[in-house]
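Engineer: Encoded as structure tokens, here's the structure I'll be asking about.
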Amino acid sequence: MTSLPLTLTSAEDGQLNCHYFNDGLCRSCTFIETPHRDQVADKEAWCRQVLADHSPDAWLPAAVGPDRDFRNRAKLAVGGSAGAVTLGILDQDFHGVDLRECGIQAPQIRAIIPIIGQFLNDSHLDSYDVQARRGELKFVHITAAPSGDLMIRFVVRSQHGLDVLRSRRNQLIALIPTATVISVNLLPEHKAVLEGSQEEMLLGGSLRMNLDRVDLHLRPQSFFQTNTDVAICLYNQVADWVDEIAPTSLWDLYCGVGGFALSCAGASVQQTARTVTGVELSEQAIESAKISAAELGVGSQSGAAVEFIAGDATEFTEANLATGEQPDCVIVNPPRRGIGARLSAALETSGVEHIVYSSCNPLTLAKDLDRMPSYAVVQARVFDMFPHTKHLEVAVVLRRQ
């Protein structure tokens, strides 16, 4: 058995050691040489500095999970050659760097990477040559649920690659019995993206992410936080904040597969009636959210007051506020660019009493808060979603002054 490259070097400082990093093969974990507790302290200090003009009444202690075995999703670039593929990243010369032992990946992901590598070798498909713009195999995406179930996605260049993998479907299912979803994605264009728009399912339809309060369904192109333990902390914290606010109506904008909406709806089932509306641009994510809602026993089809709508969050907000509809509380969980000027302006003039804002970019959060001077930050909390990197999640509760 190959030993893991990520090992404790000192029980006192908790610093981790990775031979990929030490050998200069991978530098993705920029701060891996800094003890984890110091990484978290630095992130908290930076957040406080960025949000200094919107200092909350209280900073809650940071939510921190493990600093190894935490990634629930591997995005592996395929390199090498037919019969000798690498699974990991491409270097600056677009040569494959094999990272199959990467210690931040969930153990169940790490365990099957060699199996997938051998499966691809046996297929005799060429890896995609970025410079020559030829070859088939581009990426393998693996997502792990807490139960151990897996979603495996192959990204190929052409119909030929799809046909070969489809013909070997039964073999792959036998090799990886924990895979409940297998698909092949077509990315014929030569561009720096991780997937194309066309997806063919070879097995299953969605991966069940069994979390603390709810089960979420992830379809192949659905987004989910890469750190399951810390994501559960984030969902639970937002649900607790919402229960303290006790709104009778709630909008969850940029709702994704419904993590916040369903956590808040589930928490309210035993309490007062609460209508929850989730809005997300991705139709696939909305379909996933509806499946989870039906299983939870809440949703429009079951007669309970939870609804998911595929649409633009800003347009939805502007249109509904214009008709006089106004929720008691709004959750926003935008991409790194933030909610922007239009949605900030709509909320600023809305009269909505509370906003819960979850952000992966404190800089754009600060800009959005500047645009909403009627709101004061009541509480804030950092979530260490991405150990060994500069990235983090921060959530704040806003109350209209």
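The values are calculated or read from the model by the stated rules, or taken from the named source; none is laboratory data. It should be emphasised that the depicted structure is a prediction, and the values quoted were computed from it without experimental measurement. For neighbour counting, all protein chains shown are included, and Cβ atoms are generated from backbone atoms with ideal geometry for every residue, glycine included. All accessible areas refer to the heavy atoms of the entire protein, side chains included, with ligands and DNA or RNA removed. Shrake-Rupley method; radii C 1.70, N 1.55, O 1.52, S 1.80 Å.
Engineer: Taking the conditions exactly as written (crowded, with 17+ Cβ neighbours inside 10 Å, within 18 Å of Leu253 (Cα to Cα) and not aliphatic (A, V, I, L, M)), does Asp384 satisfy them or not?
Structural biologist: It is false that Asp384 is crowded, with 17+ Cβ neighbours inside 10 Å, within 18 Å of Leu253 (Cα to Cα) and not aliphatic (A, V, I, L, M).
Engineer: I would also like to ask the following. Please enumerate the residues belonging to region 321-345 that are assigned to a helix (DSSP H, G or I) and surrounded by fewer than 17 Cβ atoms within 10 Å (Cβ to Cβ).
Structural biologist: The answer is Ala322, Gly340, Ala341, Arg342, Ala345.
Engineer: Going by what's in this entry, would Glu44 be described as over 30 Å from His124 (Cα atoms) and over 24 Å from the mean Cα position of the chain (by Cα)?
Structural biologist: no
Engineer: For Glu200, state whether it is touching a strand residue (DSSP E or B) at 6+ places or on another chain (Cβ under 6 Å), free of Cβ contacts under 8 Å to residues at least 40 places away in the same chain, open to solvent by 20 Å² or more (accessible area, probe 1.4 Å) and not in a loop (DSSP other than H, G, I, E, B).
Structural biologist: yes
Engineer: Look through region 115-146, keep the residues that are free of Cβ contacts under 8 Å to residues at least 24 places away in the same chain and open to solvent by less than 60 Å² (accessible area, probe 1.4 Å), and return whichever of them is nearest to the chain's Cα centre (by Cα).
Structural biologist: Checking each candidate, the answer is Gly135.
Engineer: Identify all residues within region 77-101 that are among the hydrophobic types (A, V, I, L, M, F, W, C) and either within 19 Å of Ile173 (Cα to Cα) or open to solvent by 30 Å² or more (accessible area, probe 1.4 Å) (or both); write none if there are none.
Structural biologist: If the condition is that a residue be among the hydrophobic types (A, V, I, L, M, F, W, C) and either within 19 Å of Ile173 (Cα to Cα) or open to solvent by 30 Å² or more (accessible area, probe 1.4 Å) (or both), then Ala82, Ala84, Ile89, Leu90, Phe94 are the ones that fit.
Engineer: Additional query: Name the residues in region 179-197 that are part of a loop (DSSP other than H, G, I, E, B) and either surrounded by 15 or more Cβ atoms within 10 Å (Cβ to Cβ) or of a type outside the set (A, V, I, L, M, F, W, C) (or both), would you?
Structural biologist: Within region 179-197, Leu187, Pro188, Glu189, His190, Lys191, Glu195, Gly196, Ser197 qualify.
Engineer: List pairs: first in region 344-372 and among the basic types (Lys, Arg), second open to solvent by 20 Å² or more (accessible area, probe 1.4 Å), Cβ under 7 Å, 6+ apart or cross-chain?
Structural biologist: Arg371/Ala341; Arg371/Ala345; Arg371/Glu348
Engineer: So which residues in region 258-286 are hydroxyl-bearing (Ser, Thr, Tyr) and either part of a helix (DSSP H, G or I) or at pLDDT 90 or above (or both), if there are any at all?
Structural biologist: Ser263, Ser268, Thr275, Thr277, Ser282 - these are the residues of region 258-286 that are hydroxyl-bearing (Ser, Thr, Tyr) and either part of a helix (DSSP H, G or I) or at pLDDT 90 or above (or both).
Engineer: Quick test for you: out of Ala289, Ala293, pick the one residue that is in a helix (DSSP H, G or I), of a type in the set (A, V, I, L, M, F, W, C), more than 21 Å from Ser359 (Cα to Cα) and touching a strand residue (DSSP E or B) at 6+ places or on another chain (Cβ under 6 Å).
Structural biologist: Criteria check complete, one pass: Ala293.
Engineer: Which residue is nearest to Asp126 (Cα to Cα), if the candidates are limited to region 159-178 and must be without any contact (Cβ under 8 Å) to a residue 40 or more places away in the chain and open to solvent by less than 30 Å² (accessible area, probe 1.4 Å)?
Structural biologist: Top of the filtered list is Gly161.
Engineer: Kindly provide the set of residues from region 147-158 that are closer than 26 Å to Lys191 by Cα and open to solvent by 10 Å² or more (accessible area, probe 1.4 Å), ordered by number.
Structural biologist: Arg157, Ser158
Engineer: Working only within region 20-75, note down all residues that are charged (D, E, K, R) and either assigned to a strand (DSSP E or B) or open to solvent by 80 Å² or more (accessible area, probe 1.4 Å) (or both).
Structural biologist: Asp23, Arg27, Glu33, Arg37, Asp42, Arg48, Asp53, Asp57, Arg71, Arg73, Lys75
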